[in-house]
Amino acid sequence: MSDAPRTPTRWVRPAVAGIAAVLFGAGLGELAASIVGPESGPFVVVGSLLIDLAPPWAKDAAIALFGTGDKAALLTGIGLVVIVLAGAAGWLEWRRPPWGRVLIAALGAVGALAAATRAGAGMLAIVPSAVVAIAAIGALGVLLRRLAPFVPAAAGDAGAEASVEERLAASADPARADPPAPPDRRAFFAWAGGAAAIGVLAALGASALSAGSRAVTAVREAIRLPKPATRATVPASAELAIDGLAPVVTPNAEFYRIDTALSVPQVDPADWSLRIHGLVEREVTVTWDELLALPLEESVTTLTCVSNEVGGGLIGNAAWLGYPIRELLARAAPTSDADMVLSRSVDGFTASTPLPVLQDDRNAILAVGMNGDPLPVEHGFPVRMVVPGLYGYVSATKWVVDLEVTRFDRARAYWSDRGWSERGPIKLSSRIDVPRQGQSVAAGTVTVAGVAWHQHTGIAGVEVQVDDGDWRAATLATAISIDTWVQWRYDWDAAPGSHTLRVRAIGADGEVQTADVAPVAPDGATGLDELTVEVA
Ligand SMILES: Nc1nc2c(c(=O)[nH]1)N[C@H]1C(S)=C(S)[C@@H](COP(=O)(O)O)O[C@H]1N2
Ligand SMILES: [Mo]
């Protein structure tokens, strides 16, 4: 306490100045992004860059830890790192100018670089990050000056290169004839609070603005999809309607969502078109109106994510309305050397799908509808691919705008570049939904139920094993088709004690689901779902 003007400002106030300045800048940056385009928002672009750079184990770990909340977790993490760096920048600028400003400028540069390298980024994409850096640096200067009255160079050792701290020390020099007033703590915090508040208000304004400009949501709501030329039927006997068992058709709001898009692409159907090119006789372009004018078919297909752990929930079943991709490919006429279609989303995501899978008679479609509604925006509005039998990462491109007919030895897709298999047929699998792991049940007849799937092969049977007993046949619900999961149930005569339940599926081709455990990377998990229950 001997050095009165220095002690309280040693690091707390400079760090507060840094954080307040960066909040101020970040808020203005988000505001700029809401005008330039939400996909250029500094947090979103840095998050997207991290997602793109993340190795497969990191994607895995994020999904395992946070599930479909992985994006919120990522943004929170970035926010915390930025706050720590902002505090450090304030402190650095106080002790070693101009390094605090340099640090903030570097953060801005990272944002600008991330923004400029996003798919479809325009010249303006770097603006929000530049705004963050410039506004934060400006605010930091103002706030630090509140901590240290400026001492003119003439006063002695406090020259232009002197740190604010040195100037402050000089200002407290008792030898000075007219020492400037010591900095006012309250005034400083008022300024810092004001800067932070402006930042937060700007960010709130930005989110209101971009919500208001979510014109695409309004366009989507106004869409009346044409009646299907062929309608999908779901037999009543496909639904066992057991409490706790996943419904055979997954409501849109409950459908899992997995993608790399931190900011959901907003594609106006009026601006949408799909280009088919590459190894083709003739290029084909289809617009939204042209697509809707074609005879659309409805088909039920179960989507599955390659990151789905044994027993996991990254799987869902929906009735999709769309047009067969094989018909559009037939118009384009792939050349005989082609063996793959690289589909590309408006946000740069790509998937490699074997060409024959898109040409055979399965329901590989360009989908526009999901369970009777236009595709939800986060599920790919206005148009996505749905391909029975393949994991989503190699087939189910959302916000799809481009199909390049090519070869596996010429092009690689988003996840193939990150250690995942370039082909991803869905593996035969099954899951127990009821009872729940650890649940206590009464002795007697206990309903065990779940789902089993092997898309485009079909399920012939499901078997349940209690402890180390014999495998017993479960009863299957009616399968909607070989492209969908099927519900099953088993009435178990439960004796008191702790028991382990295990399930395995048998494919329509006779394959028995393996008990061998494999992780999700590189091409999908294997092993048997099992759980323990207490029977009283
Ligand atoms: N544009 C785009 N499409 C994408 C992805 C993506 O990251 N970006 N992820 C794929 C993956 S890994 C899966 S499992 C499915 C999930 O589709 P859903 O979110 O509609 O369930 O979308 C696929 N399509
Ligand atoms: Mo996935």
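Couple of notes before you dig in:
- Charge dipole (debye, nearest 20) of the stretch 429-535; +1 at Cβ of Lys and Arg, -1 at Cβ of Asp and Glu: 260
- Each Lys and Arg Cβ is given +1 and each Asp and Glu Cβ -1; about its Cα centre, the chain then shows a dipole of about 1880 debye.
- Lysines with Cα under 29 Å of LYS427, excluding same-chain neighbours fewer than 8 positions away: LYS59, LYS71, LYS398
- Within the chain, the whole DSSP H helices whose Cα atoms reach 24 Å or more along their own axis and whose mean Kyte-Doolittle score is at least 0.0 are 12-36, 70-95, 99-116, 127-147, 185-212.
- Taken as Cα centroids, the stretch 481-536 and the stretch 38-103 sit 39 Å apart, rounded to the nearest whole angstrom.
- Estimated vicinal HN-Hα couplings, Hz - the stretch 251-264 in sequence order (Karplus 6.51, -1.76, 1.60; Gly, Pro = x): x, 3, 5, 9, 5, 4, 10, 9, 6, 8, 8, 6, 10, 4
- Cα-derived Rg over Rh, computed across the stretch 291-377 with Rh taken as Kirkwood radius: 0.99
- Against the empirical curve 2.2 N^0.38 Å, the C-alpha radius of gyration of the chain lands at a ratio of 1.23.
- Per residue, the convex hull volume that the Cα atoms of the stretch 348-396 enclose (Å³): 84
- Relative contact order for the chain, counting Cα pairs under 8 Å that sit 6 or more residues apart, in percent: 13
- Model label sites at ARG95 and GLU290, defined 7 Å from Cα along the beta-carbon direction, differ in position by 6.3 nm.
- Protection proxy ranking, highest mean first, for peptides 355-365, 88-98: 88-98, 355-365, where packing is the per-residue count of other beta-carbon atoms within 10 Å, averaged.
- Protection-proxy order for peptides 369-381, 75-87, 434-446, each taking the mean of Cβ atoms within 10 Å per residue, highest first: 369-381, 75-87, 434-446
- When the chain is described by a simple charge dipole with +1 on each Lys and Arg Cβ and -1 on each Asp and Glu Cβ, the residue from TRP488, GLY205, VAL533 located farthest towards its positive end is GLY205.
- Here the label points at TRP471 and TRP11, each 7 Å from Cα along the C-beta direction, are separated by 6.2 nm in the simple model.
- Based on Cα contacts under 8 Å between residues 6+ apart, the stretch 429-535 shows a relative contact order of 34 percent.
- Per residue convex hull volume, Cα atoms of the stretch 236-418, in Å³: 125
- Ordering of 223-229, 278-284 by packing is 278-284, 223-229, highest average first (other Cβ atoms within 10 Å, averaged per residue).
Since every read-out is calculated from the coordinates, none of them should be taken as a lab result. What you see is a predicted model; the values in this text were computed from it and never measured. Neighbour counts are summed over all protein chains in view; Cβ atoms, including those assigned to glycine, are modelled from backbone coordinates with ideal geometry.
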